[in-house]
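One structure is given below, encoded as structure tokens.
The values are calculated or read from the model by the stated rules, or taken from the named source; none is laboratory data. Because the structure is predicted, anything quoted here is derived from the model rather than measured. Note that we place each Cβ from the backbone using ideal geometry, even for glycine, and neighbour counts take in every protein chain shown. Ligands, DNA and RNA are stripped out before the accessible areas are found, and what is left, the full protein with its side chains, is counted by its heavy atoms. Shrake-Rupley method; radii C 1.70, N 1.55, O 1.52, S 1.80 Å.
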Amino acid sequence: MGNMQLLKEPKRRKLLFSAGASWMFDAMDVGMISFVVAALAAEWSLSSQQVGILTSTTSIGMVFGAAMAGFLADKYGRKNILLWTLLIFSIASGLSALATGFVMLCFMRFIAGFGLGGELPVASTLVSESMPVHERGRAVVLLESFWAAGWILSALIAYFVIPDYGWRTAFVIGALPAFYALYLRRAIEDSPRYIEQKAKSVRKLTFGQRVASVWSVEHRRTSIMLWVLWFTVVFSYYGMFLWLPTVMVDKGFSLVRSFQYVLIMTLAQLPGYFTAAYFIEKFGRKFVLVTYLVLTALSAIWFGYANTEGSLLAAGISLSFFNLGAWGGLYAYSPELYPTKVRSTGVGLATSFGRIGGVIAPLLVGVLKQNGTRIEIIFVMFFVTILIGALGVLVLGKETKGLELAD
């Protein structure tokens, strides 16, 4: 009911769907690389370590993109930086199709990652600041639900395009969002809170001053909690989901069959988001994050030890449902923890630190697999990591449900 009420407001609906579409394209690009590497591993005879390096280069770009875009969005506005990040990752994705070798493809994925990493925290901050207090959390979780739509798109492209037309065509499709930026330029406005803050003509803070503010006594406990949370969630997500098609092949399924199963698992992300969107305004941010993270951890163990077709599919569906519901809670929660003048910087830095986990995890999985570590043991590692994130929120997190954003 609350979701429908939110969508009745034309201006808010337009913002949500406009920012959501950019989010969807972002997810489509990230999802596509997980399918592309499964095809490339065969075509270019890549080792597990090389597959890990390729997936990690996107995340390395995201580390720098998130930190830079967060600061720039506090300085030049959420809308401007959103448009630039969208253009950067779209153009780099298209140029990835021209890669003639492993090193060149890694470089293009780094540039794409820079744009991808910058767009997400800026988009969530823009939506969070533009919504009334009683709808804010739900709106950001619904924004995050477009991520599932992007993964579904990437799975469809992988299933229908890659086997017949090759991985280069998939990257060309990834360049199309650049045209969407032209529409977005006219379709959305900056957040009222940012415009109001700018109108006050307060002294502009330098990057160093913004970082110092994020780690001041007032925000230190919050920043520790948020950095740990982002690191554990990103580490586990990229470690598990970027390897899903490859893990399915390792468990004895053909490449096309593994793409089918990952598509089914991806569809489970949508109800995960929608239930989180409902619960986040009913029971609060901490409840959603802790509950969904604990259930993600249990699903990870289940998936690692699953050895039949049915149990593997059921565990994958459960993993998608709870993990992406937790992501929705994470994006809703993060912008609510800092004042307007450093909000994008605070979220950007936490996201940037989290993206380091996204760099390490695919590389680590590649090394572990290369050294003969069993899949079950790798997923036990993710189980423990996710529980650390849940514990951090439980102990250090503060509830922000129903609270006005700080100026």
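Can you confirm whether segment 69-78 contains a residue that is at pLDDT 90 or above and open to solvent by 10 Å² or more (accessible area, probe 1.4 Å)? The answer is yes; a qualifying residue exists. Might you check whether a residue that is acidic (Asp, Glu) and under 19 Å from ALA39 (Cβ atoms) occurs anywhere in segment 143-153? No: segment 143-153 contains no residue that is acidic (Asp, Glu) and under 19 Å from ALA39 (Cβ atoms). Apart from one condition, GLU404 fits all of (1) touching a Lys or Arg at 6+ places or on another chain (Cβ under 8 Å); (2) at pLDDT below 90; (3) in a loop (DSSP other than H, G, I, E, B); the exception is (1). Look at (1) within 28 Å of ILE188 (Cβ to Cβ); (2) of a type outside the set (D, E, K, R); (3) open to solvent by 10 Å² or more (accessible area, probe 1.4 Å); (4) in contact with a helix residue (DSSP H, G or I) (Cβ under 8 Å, 6 or more places away or on another chain) and you find that PHE89 fails only one, number (3).
Of all positions in segment 44-60, at least one carries a residue that is open to solvent by 10 Å² or more (accessible area, probe 1.4 Å), over 24 Å from PHE259 (Cα atoms) and touching a Gly at 6+ places or on another chain (Cβ under 8 Å). A residue that is open to solvent by 10 Å² or more (accessible area, probe 1.4 Å) and among the aromatic types (Phe, Trp, Tyr) occurs somewhere in segment 372-393.
Restricted to segment 214-260, and to residues there that are modelled with pLDDT of 85 or more and farther than 24 Å from GLY329 by Cα, the residue that is surrounded by the fewest Cβ atoms within 10 Å (Cβ to Cβ) is VAL217. Whether a residue is more than 19 Å from the chain's Cα centre (by Cα) and more than 30 Å from PHE102 (Cβ to Cβ) was assessed, and GLU135 passes this test.
Kindly provide the set of residues from segment 271-289 that are assigned to a helix (DSSP H, G or I) and open to solvent by 50 Å² or more (accessible area, probe 1.4 Å), ordered by number. Break it down into steps so the answer makes sense when it comes.
As a first pass, look at segment 271-289 and keep what is assigned to a helix (DSSP H, G or I): 271-282, 285-289.
Once the filter is applied, which keeps residues that are assigned to a helix (DSSP H, G or I) and open to solvent by 50 Å² or more (accessible area, probe 1.4 Å), segment 271-289 yields PRO271, PHE274, TYR278, PHE279, LYS282, PHE287.
Taking segment 11-47 as the range and being of a type outside the set (A, V, I, L, M, F, W, C) and within 18 Å of MET104 (Cα to Cα) as the test, the residues that pass are ASP29, SER34, GLU43, SER45, SER47.
Annotation: VAL127 fulfils all but one of (1) buried (at least 19 other Cβ atoms within 10 Å of the Cβ); (2) β-branched (Val, Ile, Thr); (3) more than 17 Å from ARG185 (Cα to Cα); the unmet one is (3). Among the residues of segment 81-95, which ones are in contact with an Asp or Glu (Cβ under 7 Å, 6 or more places away or on another chain) and hydroxyl-bearing (Ser, Thr, Tyr)? The answer is THR85, SER93. Only a single item in (1) surrounded by fewer than 24 Cβ atoms within 10 Å (Cβ to Cβ); (2) among the polar types (S, T, N, Q); (3) touching a residue at least 12 places away in the same chain (Cβ under 8 Å) is not met by SER145, and it is number (1). Can you find even one residue in segment 160-167 that is open to solvent by 40 Å² or more (accessible area, probe 1.4 Å) and within 22 Å of the chain's Cα centre (by Cα)? Checked segment 160-167: no residue is open to solvent by 40 Å² or more (accessible area, probe 1.4 Å) and within 22 Å of the chain's Cα centre (by Cα). Return yes when VAL359 is open to solvent by 40 Å² or more (accessible area, probe 1.4 Å) and in a helix (DSSP H, G or I) and no when it is not. No: the conditions fail for VAL359.
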